[in-house]
1. What is the P(r) of region 162-230, as percent of Cα-Cα pairs per 10 Å bin from 0?
2. Considering only 53, 108, 98, give the residue with the highest GNM mean-square fluctuation for the chain, with springs between Cα atoms whenever their separation is below 10 Å.
3. Would you please report the Å³ per residue occupied by the convex hull of the alpha carbon atoms in region 30-163?
4. Place the peptides 38-45, 79-86, 15-22 in order of packing, highest mean first, counting for every residue the other Cβ atoms within 10 Å and averaging per peptide.
5. Just to confirm my numbers, what's the Cα centroid distance between region 65-120 and region 156-230 in Å?
6. For the chain, what is the mean residue ellipticity at 222 nm derived from helices alone (per DSSP H run of n ≥ 4: -39500 (n - 2.57); sum divided by total residues; nearest 500 deg cm²/dmol)?
7. Compute the helix-to-body angle for 176-193: its Cα long axis versus the longest principal axis of the chain, expressed 0 to 90° and rounded to tens.
8. Which translational diffusion coefficient, to the nearest whole µm²/s, is obtained for region 76-230 from the Stokes-Einstein equation, given a Kirkwood hydrodynamic radius over C-alpha pairs, 10 °C and 1.306 mPa s?
Ligand SMILES: Nc1ncnc2c1ncn2[C@@H]1O[C@H](COP(=O)(O)OP(=O)(O)O)[C@@H](O)[C@H]1O
Ligand SMILES: [Mg+2]
């Protein structure tokens, strides 16, 4: 279980059609297990890129990311996929649910082909209950509201018990009230399950409720501050 993630001088450059984009530039950052961190910044500032690098979905062009001292991206594909399965849960703005599968089946998808020491069905029901959808197990995404669909996506992100929850503008498609409830749910998972949350948001009101706020602009970190609770 990775208790610390350390980004050492990481950069990500996209090259295509004669255009070079420095999406992330020489970033040094550390994250400790148990923290709830907000990442804010204007569109195009590199937030999603940073999150996908931390989540091992993409590889930095330069620099390295250490997970308890280990550079996972140096491993083979299989090892990286295993690491991601054990450690990381993702939540996106677009819920990315499979439309023909029920809520329960969607939540089960990360567990397909995986050997685990618990009952998959029982675990999937348990997390759907945890996100407040005990009565929607057999509903299709089209039969659920936006907020409920995001709850299914959160259940799917935590079903395999990851230590790190990476959320990329998860409330971006939701109204303010529903967004706040989703935020509270993630806060609760952070406090009760101890999983670390990296929360990308445009909403300064939500960002303020984290333990730490990182502001990005043009691929760099403008500010990194702890939130003092008075
Ligand atoms: N796959 C990609 N190919 C080329 N450019 C990309 C790619 N992904 C992101 N970018 C560019 O990198 C910059 C940062 O993007 P992104 O990380 O998505 O920012 P944010 O999430 O803060 O809006 C933007 O200029 C974007 O256009
Ligand atoms: Mg983004």
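1. 19, 52, 28, 1
2. Highest fluctuation among the options: 98.
3. Each residue corresponds to 143 Å³ of Cα convex hull volume.
4. Ranked from most to least packed, the peptides come out as 38-45, 79-86, 15-22.
5. Spelled out, the Cα-based centre of one part sits 19 Å from the other.
6. -9000 deg cm²/dmol
7. For helix 176-193, the angle is close to 90 degrees.
8. 97
Bear in mind these aren't lab numbers, they're just calculated from the coordinates by the rules spelled out. Remember, it's a predicted structure, so these values are computed and weren't measured experimentally. So basically every Cβ, Gly included, is an ideal-geometry build from the backbone, and we count neighbours across all protein chains shown.
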